């Protein structure tokens, strides 16, 4: 497993070792000891989630607030996504900066999303199976988000807006400015 730094503080790309042969492949999707040695972060994942989505589905930008904040390790089991995160930690030198990358079932990359980040993704292939580990349990009362097309963030979702499939809940999220002034 290789840990690659991103431009955002405490956000890492995790590149697992993939062993391929005539039968298929094997990979270790997470190793807590190696992750801690490489990043210096102690993370105890307590919940795994999975979603299945079709091309154009956009989920985000989501996060949990307060004591319910979650760090996540995200990956794609099938298909391809454009993954996006925004640092919302006021004390961070990368505050309000964003990072995005392509995760897919070919490159097997994973993304570590620290607590205090907004996170979202859009599906670029006909079917996507998306999986992620969380270090805190989901709390509906603590869920929050920022609108996907926030004018301050200028996120390139890689698909035209008319092709995006977005939940009514996500369409109603506040802008970054509204959230910060909330």
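Since every read-out is calculated from the coordinates, none of them should be taken as a lab result. Just so it is clear, the structure is predicted and the values come from calculations on it, not from any experiment. Cβ: placed from backbone, ideal geometry, glycine included. Neighbour counts: every protein chain shown.
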Mean 1/r over all different Cα pairs, inverted: what Kirkwood radius does segment 1-94 give, in Å?
-> 15.8
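Hey, fewest Cβ within 10 Å first, where do 37, 67 land in order?
Working: 37 11, 67 8.
Arranged by neighbour count, lowest to highest, 37, 67 become 67, 37.
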In nanometres, the difference between 0.36 nm per residue of separation and the alpha-carbon distance of residue 127 and residue 142 is 2.5 nm
Which ordering of 140, 133, 158 is given by a fewest-first count of other beta-carbon atoms within 10 Å?
-> 140, 158, 133
Segment 59-124: proportion of alpha-carbon pairs further apart than 13 angstrom, % | 62
Bin width 5 Å, alpha-carbon pairs only: give the P(r) of segment 2-181 as whole percents, running from 0 to the bin holding the largest distance.
-> 1, 8, 17, 21, 22, 16, 9, 4, 1, 0, 0, 0
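What Kirkwood hydrodynamic radius do you get for segment 1-52 when you take the inverse of the mean 1/r over all pairs of distinct Cα atoms, in Å?
Numbers: mean 1/r = 0.0771 Å⁻¹.
Value: 13.0 Å, from the Cα pair sum.
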